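In what follows, a single structure is set out as structure tokens and then discussed.
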Amino acid sequence: MTAAAAHDHRLAVDAEDFAQIHQLVHDFIRTKVVPREAEIMQTNEIPSDLRAQAAEMGLFGYAIPQEWGGLGLDLTQDVELAMEFGYTSLALRSMFGTNNGIAGQVLVNFGTDEQKKQWLEGIASGEVVASFALTEPGAGSNPAGLRTKAVRDGDEWVIDGQKRFITNAPIADLFVVFARTRPADESGTGIAVFLVPADTPGVEVGPKDSKMGQEGAWTADVTFDGVRVPASALVGGDEEKGYKAAMTSLARGRVHIAALSVGQAQRALDESVAYAASATQGGKPIGTFQLVQAMLADQQTGVMAGRALVRDAAAKYVSGEDRRTAPSAAKLFCTEMVGKVADLAVQIHGGTGYMREVPVERIYRDVRLLRLYEGTSEIQRLIIGGNLIRAASTHS
Ligand SMILES: Cc1cc2nc3c(=O)[nH]c(=O)nc-3n(C[C@H](O)[C@H](O)[C@H](O)COP(=O)(O)OP(=O)(O)OC[C@H]3O[C@@H](n4cnc5c(N)ncnc54)[C@H](O)[C@@H]3O)c2cc1C
């Protein structure tokens, strides 16, 4: 076990306490959120009472260490919760996803004690919504090419640039902003990461993007125009940390997204089984037709394989055995798997599956995003293949 992994492990909540948290989350999702899915879709918003309950349960900070006010779950526990969150509208998870995940983990793993003290408690309680601002026009799959600039001016940094598709930007209090402090060279990418409060002069959030799915989860462009932050806003006090912080956060996030996919695939399967057992053609339940059973079988097999892979990847991440290939393999397999499972779910529902407000119609649209963000399927394949070839050439 690596030193970092040993540190993560010390913070883990024991199995008994975790079983209670897991049960609470399970009940919250099934009894409080699932019945509100149509409302979330129609209003394009998570109802404020659900947000308050999620905050009360500690869901804005389940992956933030306890010393900073979070629940301190490790990734093996995180994925069990993510499989529960995946059972309902994915927008719910998105509401606290950036705090626990891509944005929060930059601070947890790379922030100075001072920075953690200033922000993490608010992030864990949900008082602060943190957004991860990496992607730009022309710098999505290849963030090393980002053009947002940070220039040192005395005791301050001045940030200029444009970010796009930033989750939670319309409600963000804090942007975790990746910016270039120098051109890339052999010594590194020249990318640093800064903590920029959303109310800093020069920060402008665009209108909410109109998306294919995941109603209730919001993204927007964010523009930084001569934004001045103090030197203390540089994460870790080190200009060279930005790219590594982004890649580390994303790798962890990929196992989480894989788990979310498994949860959503389980939901699509359950909806399919219930429909197949009750809807009839010619007086017979469609589930008695073997071709429908074959679709259910493929869905079930995908869910089981995905769940096993997610648990294996999370365990290898926590132990430190594999933090590079397994997260990408889990994300690639599970996000592709849920795409197929959701497609089969619509097929099993026939014309009904094409109608708004039938859960599988929403799931079909919602899961499309999972193959795109936090690294497309193509990028996961490049990571996995590249790691295999690098390992082979260092051994030969
Ligand atoms: C709803 C939503 C929420 C998001 N939230 C955030 C967020 O909170 N923060 C953030 O920073 N970003 C966020 N993103 C951005 C997201 O991570 C990017 O959209 C994603 O990484 C893809 O980048 P791109 O859109 O620029 O597409 P591109 O990189 O232009 O990809 C287009 C196509 O080209 C392929 N491609 C690109 N490069 C290669 C290559 N080298 N080899 C082979 N194929 C390649 C891709 O796989 C894809 O098929 C979000 C996006 C969406 C849609």
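Only the coordinates and a few stated rules stand behind these numbers; no lab work does. Note that this is a predicted model, so its numbers are computed, not measured. Here the Cβ positions follow ideal geometry from the backbone for every residue, glycine too, while neighbour counts run over all protein chains shown.
Take the Cα of VAL273, step 7 Å along the line toward its Cβ, and report every residue of the range 299-342 whose backbone nitrogen sits under 11 Å from that point.
It comes to 300-301, nothing else.
Considering the options GLN118, CYS334, THR223, tell which one lies farthest towards the positive end of the dipole of the chain, charges being +1 on Lys and Arg and -1 on Asp and Glu at the Cβ, about the Cα centre.
Value: CYS334.
If the cut-off is a Cα-Cα distance under 28 Å, which lysines reach LYS149, setting aside same-chain residues fewer than 8 apart in sequence?
Those lysines meeting the cut-off are LYS116, LYS117, LYS163, LYS208, LYS241, LYS244.
Given the C-alpha atoms of the range 132-280, compute the convex hull and give its volume per residue in Å³.
Residue-normalised Cα hull volume stands at 133 Å³.
Considering Cα pairs under 8 angstrom that are at least six residues apart, work out the relative contact order of the range 325-396 and quote it in whole percent. Kindly include the intermediate steps, with their values, before the conclusion.
Values: 46 pairs, mean separation 29.8, N = 72.
Rounded, it is 41 percent for the range 325-396.
If you average the C-alpha positions of the range 215-275 and of the range 169-208 separately, how far apart do those two centres end up, in angstrom?
If we compute the Cα centre of each part, the gap is 14 Å.
For the range 347-396, state the semi-axes of the equivalent ellipsoid (square roots of 5 times the eigenvalues of the alpha-carbon gyration tensor), sorted largest first and rounded to whole angstrom.
The answer is 40, 11, 5 Å, longest axis first.
Just rank MET295, MET83, MET304, fewest to most, by other beta-carbon atoms within 10 angstrom.
Arranged by neighbour count, lowest to highest, MET295, MET83, MET304 become MET304, MET295, MET83.
Is there a quick way to get the dipole size of the chain? I mean about its Cα centre, with the Cβ of Lys and Arg at +1 and of Asp and Glu at -1; what is the value in debye to the nearest 20?
Values: 38 positive and 49 negative charges, 240 e Å.
Dipole magnitude for the chain comes out near 1160 debye.
Along the Cα→Cβ direction, 7 angstrom out, place labels at THR43 and ASP113. What is the inter-label distance in nm?
4.4
Given springs between every Cα pair under 10 Å in a Gaussian network model of the chain, which of GLY320, GLY386, GLY213 has the largest fluctuation?
Taking springs between Cα atoms under 10 Å, the residue moving most is GLY386.
Which lysines have a Cα less than 19 Å from the Cα of LYS340, not counting those fewer than 8 places away in the same chain?
Hits, sequence-local ones excluded: LYS331.
Counting only C-alpha contacts under 8 Å and six or more residues apart, can you give the relative contact order of the chain as a whole percent?
16
So what is the 222 nm mean residue ellipticity for the chain from helices alone, if each DSSP H run of at least 4 adds -39500 (n - 2.57) and you divide by all residues, rounding to the nearest 500 deg cm²/dmol?
Computed mean residue ellipticity for the chain: -16500 deg cm²/dmol.
What's the center-to-center distance, using Cα atoms, between the range 83-110 and the range 21-74 in Å?
10
Among ASP322, ASP49, ASP209, which one shows the highest mean-square fluctuation when the chain is modelled as a Gaussian network with alpha-carbon springs under 10 Å?
ASP49
Report the extension gain between ARG182 and MET355 in nm, rounded to one decimal, defined as 0.36 nm multiplied by the number of residues separating them, less their alpha carbon distance. Working shown, then result.
Details: separation 173, 0.36 × 173 = 62.28 nm, distance 5.13 nm.
Fully extending the segment from ARG182 to MET355 adds 57.1 nm.
Please report the orientation-averaged projected area of the range 206-341, defined via the convex hull of its C-alpha atoms, in nm².
12.4
Only counting other Cβ atoms within 10 Å, I'd like ILE46, ILE123, ILE171, ILE21 sorted with the fewest neighbours first.
Ordered by Cβ neighbours within 10 Å, fewest first: ILE171, ILE21, ILE46, ILE123.
Rounded to two decimals, what is the ratio between the C-alpha radius of gyration of the chain and 2.2 N^0.38 Å?
1.00
Using bins 10 angstrom wide from zero, how does P(r) for the range 15-125 break down, in % of all Cα pairs?
14, 47, 30, 8, 0
Which of GLU56, GLU186, GLU16 moves most in a GNM of the chain, Cα contacts under 10 Å?
For the chain, modelled as a Gaussian network with Cα springs under 10 Å, the answer is GLU186.
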